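**Student:** One structure coming up, written as structure tokens, with questions to follow.
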Amino acid sequence: MKTIMVKTVLVACLMVGSIAHAAEEASKGDVREDVRQLLTLMGAGEIGMKAMEQMIDSFRQSLPWVPQEFWNDFIQGVDPADLIELSIDPYVRHLSHEDIRDLIAFYQTPLGKRLARAMPAITHEGMLAGQEWGQQLAEDVLERLQEEGYQ
């Protein structure tokens, strides 16, 4: 009788553990889906495409012999959804599910929608400013190296 009770308790514990694990996995799936929705609302795919197009423009300038058709085909082969998928895990690691839901609610407000529409341009302009800053830093380093006799 004692053996049957022990086995029954063990089976019950295993079932509870399995149910808890399944609930945890379902919750992870829910939060991932919510992050996917948030990133879509934020326009993350569009922002990624703008950044990629800016990089392609740099490549075009440094590789002028590559035909325009190559770059057009390359851009056509990029799926913004891939960037969204790559971005999900950091959101899951650094924000709670409640945070994600609150951000979704924000991005569904008029202000959130305006911010999402403006972010591609804001990001693009920020990247351009960053490139100019980086270029100026590089020039400053080269000038200082030359002044100090390292060249």
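**Student:** I need every pair where a residue in the stretch 94-119 that is more than 25 Å from LYS50 (Cα to Cα) has its Cβ under 8 Å from the Cβ of a residue that is of a type in the set (S, T, N, Q), sequence separation at least 6 or different chains.
**Tutor:** Partner pairs satisfying both residue conditions: HIS97/SER27.
**Student:** Given the criteria farther than 17 Å from VAL31 by Cα, surrounded by fewer than 11 Cβ atoms within 10 Å (Cβ to Cβ) and among the aliphatic types (A, V, I, L, M), does ALA138 qualify?
**Tutor:** So ALA138 passes the test.
**Student:** What's the number of the condition TRP65 fails, among (1) at pLDDT 90 or above; (2) surrounded by 10 or more Cβ atoms within 10 Å (Cβ to Cβ)?
**Tutor:** For TRP65, the failing item is (2).
**Student:** Follow-up question, since we're still on this one. Looking at the stretch 136-150, I want the residues that are without any contact (Cβ under 8 Å) to a residue 60 or more places away in the chain and have a partner that is surrounded by 10 or more Cβ atoms within 10 Å (Cβ to Cβ) and in a helix (DSSP H, G or I) with Cβ atoms under 9 Å, at least 6 apart or on another chain. Which pairs are those?
**Tutor:** Pairs that qualify, where the first residue is without any contact (Cβ under 8 Å) to a residue 60 or more places away in the chain and the partner is surrounded by 10 or more Cβ atoms within 10 Å (Cβ to Cβ) and in a helix (DSSP H, G or I), are TYR150/ARG144.
**Student:** Further question: Could you list all residues from the stretch 78-112 that are at pLDDT below 95 and aliphatic (A, V, I, L, M)?
**Tutor:** The answer is VAL78, ALA81, LEU83, ILE84, LEU86.
**Student:** Right, next: Restricting to the stretch 64-99, and then to whatever is outside any helix (DSSP H, G or I) and of a type in the set (Gly, Ala, Ser), can you tell me which residue is nearest to ASP30 (Cα to Cα)?
**Tutor:** Restricting to residues being outside any helix (DSSP H, G or I) and of a type in the set (Gly, Ala, Ser), the top hit is SER96.
**Student:** Inside the stretch 74-91, can you point out the residues that are surrounded by fewer than 16 Cβ atoms within 10 Å (Cβ to Cβ) and either within 13 Å of ARG36 (Cα to Cα) or touching a residue at least 12 places away in the same chain (Cβ under 8 Å) (or both)? It would help to see each step written out before you state the result.
**Tutor:** First pass over the stretch 74-91, keeping only residues surrounded by fewer than 16 Cβ atoms within 10 Å (Cβ to Cβ): 74-79, 81-82, 85-86, 89-90.
Result: PHE74, ILE75, VAL78, ALA81, ASP82, GLU85, LEU86, ASP89, PRO90.
**Student:** Then there is this: So is GLN68 on the phi < 0 side of the Ramachandran plot and touching a residue at least 60 places away in the same chain (Cβ under 8 Å) or not?
**Tutor:** In short, no.
Each row is one residue, and each column tells you yes or no for (1) loosely packed, with under 12 Cβ neighbours inside 10 Å; (2) of a type in the set (D, E, K, R); (3) outside any helix (DSSP H, G or I).
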position: LEU103; (1), (2), (3): no, no, no
position: ARG114; (1), (2), (3): yes, yes, no
position: THR123; (1), (2), (3): no, no, no
position: ALA129; (1), (2), (3): yes, no, no
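The values are calculated or read from the model by the stated rules, or taken from the named source; none is laboratory data. Since the model is a prediction, treat every value here as computed from it, not as a measurement. Note that each Cβ is placed from the backbone with ideal geometry, even for glycine, and that neighbours are counted across all protein chains shown.
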